[in-house]
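Contents: one structure, followed by commentary.
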Amino acid sequence: MGKLSTRSASHRRMSKFVDWIRAEPETEQRIRDQAAEIRSRIKGKAFEDGIVVRSMPWSGSFEKKTGLRRHLRGNPENEGQDVDLPFVLSPKDDEGKNLDKLLGRFDRYAAASYPNTDCMRTKSSIRLDFKASKLSYDLVPMLAVEGDDNAQILIRADGERRVTSVQKHIDFVKTRSDQSNKVPGRVKFHEVVRLVKWWREMRQSQSKVLDEVPTIVIEMLCAKAFDVHHVDETYTDTLHAWFGQCADWVRNRRRIDFNVDPSKEPSNGLWTVLDPVNPKNNVVPPSWTQRKLDELTSWFEDARDRMARVVAAEVQGNDVAALGELVELFGTAIRDHGA
């Protein structure tokens, strides 16, 4: 009996579960239509305020096809989708390049454009929360890079400015999705990323010191794991390999980069995961201490060990034990929605 048939129960369960957490295709056009309206209104308000909006590229998990329609806020499951809407700006003066001032302005633009919609300020965006449609849009002000329409300056809460590229990040993820799409079988790169992101939310809800792992860190680790291991016939084997590889990288603080000469871009901080778009950016938060990295290590090692037990239980024909491990990894939702 082959590997796929002996482990088919958990693979089928995860296949159905990833269908449940991903965004519904029929909502995509509704999101694009609503986003176009939001962009038009906010751009108009910015223009009235003397700010030129140079571009409004699609960004984030929605465009990469790795978004979660259902997610966790604490322990409860919530239905809803978050969509990033960058606004690449040319402010009229230096004051307009200050993130705090920009967020204040965008807060006013959002409130004036949607007076009956909840607005919330985050570290780097203004979130519009449309409760009826269960859709949220993060309005993200960025600065234009003169002479390069495919580059933007991301302003951080501490005042640091980082050159990045929304378009190149999309291409970076899509390239790996396209590669896995050419491989026969159910397991695809962007769907495995979805499962890892859900697992990340589960762990964050139970965290002791590591309250947030940025999505870009998860995406870079998944991309590197894919480059090393690709995808297997089953989600079970794929996640076992990826979790194990990530556990080794974090445990040993191994540098993660993509075709970068270490002599030109040296590691910095306690652990280095370089942005493939701009290798001068280390995407690991500078606030991460050894204690936080140790907790991230424990997350990945626990996931590796649990996936190993899923594999062993399936080989032994013990579906109850396999399901029990999957519930520990992904919550009761995989039991309720993976059948």
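The values are calculated or read from the model by the stated rules, or taken from the named source; none is laboratory data. Since this is a predicted model, take the numbers as computed values, not measurements. Because the Cβ atoms are built from the backbone with ideal geometry, glycine has one as well, and the counts that use them run over all protein chains shown.
For residues that are at pLDDT below 90 and over 19 Å from the mean Cα position of the chain (by Cα), tally how many sit in the stretch 118-133.
Qualifying residue count for the region: 3.
In contact with a Lys or Arg (Cβ under 6 Å, 6 or more places away or on another chain) and not in a loop (DSSP other than H, G, I, E, B): which single residue out of D178, D149, D138, D171 fits that description?
Exactly one of D178, D149, D138, D171 is in contact with a Lys or Arg (Cβ under 6 Å, 6 or more places away or on another chain) and not in a loop (DSSP other than H, G, I, E, B), namely D138.
Quick check: anything in the stretch 178-190 closer than 30 Å to I51 by Cα and without any contact (Cβ under 8 Å) to a residue 60 or more places away in the chain?
No, that holds for no residue.
Can you tell me which of (1) among the aliphatic types (A, V, I, L, M); (2) surrounded by fewer than 17 Cβ atoms within 10 Å (Cβ to Cβ); (3) over 24 Å from R30 (Cα atoms); (4) at pLDDT 90 or above is the one A157 doesn't meet?
(4)
Can you confirm whether G338 is of a type in the set (G, A, S), exposed (fewer than 14 other Cβ atoms within 10 Å of the Cβ), closer than 24 Å to M14 by Cα and in contact with a Ser or Thr (Cβ under 9 Å, 6 or more places away or on another chain)?
no
The rows are residues; the columns are (1) over 30 Å from T236 (Cβ atoms); (2) of a type in the set (A, V, I, L, M); (3) surrounded by fewer than 14 Cβ atoms within 10 Å (Cβ to Cβ); (4) out of contact with any Asp or Glu (no Cβ under 6 Å at 6 or more places or on another chain).
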{"residue": "K97", "(1), (2), (3), (4)": "yes, no, no, yes"}
{"residue": "T117", "(1), (2), (3), (4)": "yes, no, no, yes"}
{"residue": "L128", "(1), (2), (3), (4)": "yes, yes, no, yes"}
{"residue": "D138", "(1), (2), (3), (4)": "yes, no, no, no"}
{"residue": "I153", "(1), (2), (3), (4)": "yes, yes, no, yes"}
{"residue": "V163", "(1), (2), (3), (4)": "yes, yes, no, yes"}
{"residue": "S180", "(1), (2), (3), (4)": "no, no, no, yes"}
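For the stretch 244-280, which positions are over 26 Å from D171 (Cβ atoms) and buried (at least 20 other Cβ atoms within 10 Å of the Cβ)?
A247, V250
Is it the case that some residue within the stretch 198-217 is basic (K, R), in contact with a Phe, Trp or Tyr (Cβ under 9 Å, 6 or more places away or on another chain) and not in a loop (DSSP other than H, G, I, E, B)?
Yes: the stretch 198-217 contains one or more residues that are basic (K, R), in contact with a Phe, Trp or Tyr (Cβ under 9 Å, 6 or more places away or on another chain) and not in a loop (DSSP other than H, G, I, E, B).
Going through the stretch 265-297 one residue at a time, which ones are free of Cβ contacts under 8 Å to residues at least 12 places away in the same chain and farther than 23 Å from K197 by Cβ?
Selection gives P266 alone.
Are there any helices (runs of 4 or more DSSP H) wholly within the stretch 1-104 with 1 or more residues that are at pLDDT 95 or above, and if so which?
Per the criteria, 8-21, 28-48.
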